[in-house]
Amino acid sequence: MGASNSAAKLTWLGHATFLVTTVEGKRILIDPWTFDNPRCPDDLKDPGPLDVMLITHGHNDHFGDAVALAKKHSPTVVAMLELADWLVAKGVGDVVDMHIGGTVQVAGVAVHMVAAVHSSGITDGNQTVYGGNPCGFVIDLPGGPALYHAGDTAVFSDMALIRKLLSPDWGLLPIGDRFTMGPRSAAEAIRLLDVKKVVPMHYGTWPELTGTPAQLREETRDLGGLEIVEMEPGQTLDL
Ligand code: NI
Ligand code: MN
């Protein structure tokens with residue numbers, strides 16, 4: 001959709017699921033939840049070839065299709081170590097385990113794992129398996145920009161450290177409330193992160209995720225130079 005070949009690209013698959021394509025053509029899926037994701041367009045339920053998969057936490061609405069898509073497309077999967085162990089036990093082959101504060105290089109991209117204030121149980125049959133800490137990611141794309149995918153989180157003051165250490169240009173931030181930040185908290189996150197481009201996510205998927213981009217705009221009226229980019233599921237942006 002108007003995307004050029006010279007820029008990295010961001011496609012929203014609905015909810016917290018995004019596909020990033022680097023200038024070198026590497027394809028990075030963040031939070032693999034497509035088949036049961038009511039906002040994911042039918043033609044993206046299988047997003048196609050994948051080089052990398054990043055998983056923020058074990059909840060089904062971020063992780064539900066991790067095993068199926070990893071087995072189909074054989075990406076390098078980056079996840080919190082307990083989640084990574086679970087994936088290996090399920091037969092996923094190329095798994096990179098890490099923890100908050102660390103950085104790994106995958107497919108020419110620096111992937112930094114950062115904190116999230118949330119939980120990360122994995123639903124496995126009729127039990128819940130410990131998934132380690134939930135997380136967010138800052139990914140440094142070759143030639144820029146740096147993207148922060150916050151995962152599911154409340155606002156937390158150490159977002160200022162994410163800014164200081166990693167300087168993300170874009171924030172992909174949950175705004176739906178109830179299970180994550182709502183618009184007022186997300187506005188405070190934007191101040192702490194000092195990001196100039198924000199893509200709201202994790203809202204409207206179900207009726208209880210009530211936060212809206214309009215509310216986020218209202219809460220950030222005083223911030224100059226901020227661009228809130230309201231994407232449609234299936235839409236692709238040049239970064
Ligand atoms: Ni969650
Ligand atoms: Mn969620």
Would you mention how many residues in segment 180-237 are outside any helix (DSSP H, G or I) and farther than 21 Å from Arg39 by Cα? 12
Output for segment 21-66, where each listed residue is β-branched (Val, Ile, Thr), closer than 25 Å to Gly204 by Cα and away from ligand 2 (no atom under 13 Å from the Cβ): Ile28, Thr34
From the residues in segment 132-144 that are open to solvent by 40 Å² or more (accessible area, probe 1.4 Å) and either within 16 Å of ligand 2 (Cβ to nearest atom) or under 17 Å from the mean Cα position of the chain (by Cα) (or both), which one is nearest to Gly25 (Cα to Cα)? Asp140
Please state which of the following conditions Ala186 fails to meet, knowing it meets all the rest: (1) within 30 Å of Gly25 (Cα to Cα); (2) modelled with pLDDT of 95 or more. (1)
Does Gly131 fit the bill of being in a loop (DSSP other than H, G, I, E, B), more than 17 Å from Val229 (Cα to Cα), touching a His at 6+ places or on another chain (Cβ under 8 Å) and within 16 Å of ligand 1 (Cβ to nearest atom)? yes
From Leu165, Leu147, grab the single residue that is open to solvent by 10 Å² or more (accessible area, probe 1.4 Å) and either of a type in the set (Lys, Arg) or away from ligand 2 (no atom under 15 Å from the Cβ) (or both). Leu165
Would you check if there is a residue in segment 121-131 being open to solvent by 10 Å² or more (accessible area, probe 1.4 Å), within 16 Å of ligand 2 (Cβ to nearest atom) and of a type in the set (Ser, Thr, Tyr)? yes
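The values are calculated or read from the model by the stated rules, or taken from the named source; none is laboratory data. Just so we're clear, the structure is a prediction, and the values are computed from it rather than from any experiment. With ideal geometry, Cβ positions are generated from the backbone for all residues, glycine too; neighbour counts draw on all protein chains shown. Quick note on the areas: whole protein, heavy atoms, side chains included, nothing else; ligands and nucleic acids left out. Shrake-Rupley method; radii C 1.70, N 1.55, O 1.52, S 1.80 Å.
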